[in-house]
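**Q** Quick one: this structure, given as structure tokens, is what I'll be asking you about.
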Amino acid sequence: QVQIEESGGGWVQPGGSLRLTCTASSRIFNLWAMAWYRQSQGEQRELVASASGTGSIQYAEFAAGRFTISRDDAKNMVFLQMNALRPEDTTVYYCNTNPPLRDAWGQGTQVTVSS
């Protein structure tokens, strides 16, 4: 069974920072690129950032320059450092493979940016 857990969300003022953490089972972590996604209510889920085990990294346009994705392959963890957060970044963030595995979606972690 695929297991993914996200943590690290919370409330932050505009301009602040948060670091999201994802832990995944080694079965998928070793085979797939890992990614962060986000989805607002009524909107489609969108890719935020992705990192492969070979070092290939991609960012959505809104994330480039503000967010940094990284992996710790020894611990099966992937991180998303988010800086210069904006109110429009408020939503639930999810971790999954890239492309995503249908049965691997977790509960996500809520990020709220407001003053």
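**Q** Please name all residue pairs, on different chains or six or more residues apart, with Cβ atoms under 7 Å, provided the first residue is in the stretch 22-33 and is closer than 12 Å to Leu101 by Cα and the second residue is assigned to a helix (DSSP H, G or I).
**A** Qualifying pairs under 7 Å: Ile28/Ala104.
**Q** Just the residues that are over 18 Å from Thr112 (Cα atoms), assigned to a strand (DSSP E or B) and open to solvent by 60 Å² or more (accessible area, probe 1.4 Å), please, taken from the stretch 40-57.
**A** Within the stretch 40-57, just Ile57 meets the criteria.
**Q** Based on what the data block shows, is Tyr94 more than 17 Å from Thr112 (Cβ to Cβ), touching a Gly at 6+ places or on another chain (Cβ under 9 Å) and modelled with pLDDT of 95 or more?
**A** no
**Q** Suppose we filter Arg66, Arg102, Arg27 for residues that are at negative phi and surrounded by 13 or more Cβ atoms within 10 Å (Cβ to Cβ); which single one remains?
**A** When all the criteria are applied, what remains is Arg66.
**Q** Applying the selection to the stretch 58-91, what residues are in a loop (DSSP other than H, G, I, E, B) and charged (D, E, K, R)?
**A** Matches in the stretch 58-91: Glu61, Arg66, Asp73, Lys75, Arg86.
**Q** Let me ask something else about it. Could you give every pair whose Cβ atoms fall below 7 Å, whose first residue belongs to the stretch 59-85 and is touching a residue at least 12 places away in the same chain (Cβ under 8 Å) and over 18 Å from Gly108 (Cα atoms), and whose second residue is of a type in the set (Lys, Arg) and open to solvent by less than 50 Å² (accessible area, probe 1.4 Å), counting only separations of at least 6 or pairs across chains?
**A** Between residues of the stretch 59-85 that are touching a residue at least 12 places away in the same chain (Cβ under 8 Å) and over 18 Å from Gly108 (Cα atoms) and residues that are of a type in the set (Lys, Arg) and open to solvent by less than 50 Å² (accessible area, probe 1.4 Å), the close pairs are Asn83/Arg66; Ala84/Arg66.
**Q** Mind listing whichever residues of the stretch 72-93 are surrounded by 18 or more Cβ atoms within 10 Å (Cβ to Cβ), closer than 16 Å to Ile28 by Cβ and more than 11 Å from the chain's Cα centre (by Cα)?
**A** Asn76
**Q** Further question on the same structure: So which residues in the stretch 30-39 are within 10 Å of the chain's Cα centre (by Cα) and either of a type outside the set (Lys, Arg) or surrounded by fewer than 16 Cβ atoms within 10 Å (Cβ to Cβ) (or both)?
**A** Met34, Ala35, Trp36, Tyr37
**Q** If you scan the stretch 29-55, which residues turn out to be among the hydroxyl-bearing types (Ser, Thr, Tyr) and modelled with pLDDT of 95 or more?
**A** Of everything in the stretch 29-55, those that are among the hydroxyl-bearing types (Ser, Thr, Tyr) and modelled with pLDDT of 95 or more turn out to be Tyr37, Ser50.
**Q** Select from the stretch 3-13 the residues that are open to solvent by 60 Å² or more (accessible area, probe 1.4 Å) and either over 15 Å from Gln110 (Cβ atoms) or assigned to a loop (DSSP other than H, G, I, E, B) (or both) and list them in ascending order.
**A** Gln3, Gln13
**Q** Does the stretch 79-87 include one or more residues that are of a type in the set (Lys, Arg) and closer than 28 Å to Gln13 by Cβ?
**A** Checked against the condition, which is being of a type in the set (Lys, Arg) and closer than 28 Å to Gln13 by Cβ, the stretch 79-87 yields at least one hit.
**Q** Could you list all residues from the stretch 14-24 that are closer than 16 Å to Ala74 by Cβ and open to solvent by 20 Å² or more (accessible area, probe 1.4 Å)?
**A** Thr21, Thr23
The values are calculated or read from the model by the stated rules, or taken from the named source; none is laboratory data. None of the values given here were measured: they were computed from a predicted structure. Virtual Cβ from ideal backbone geometry, glycine too; neighbours counted across all protein chains shown. Areas reflect the complete protein model, heavy atoms only, side chains present, ligands, DNA and RNA absent. Shrake-Rupley method; radii C 1.70, N 1.55, O 1.52, S 1.80 Å.
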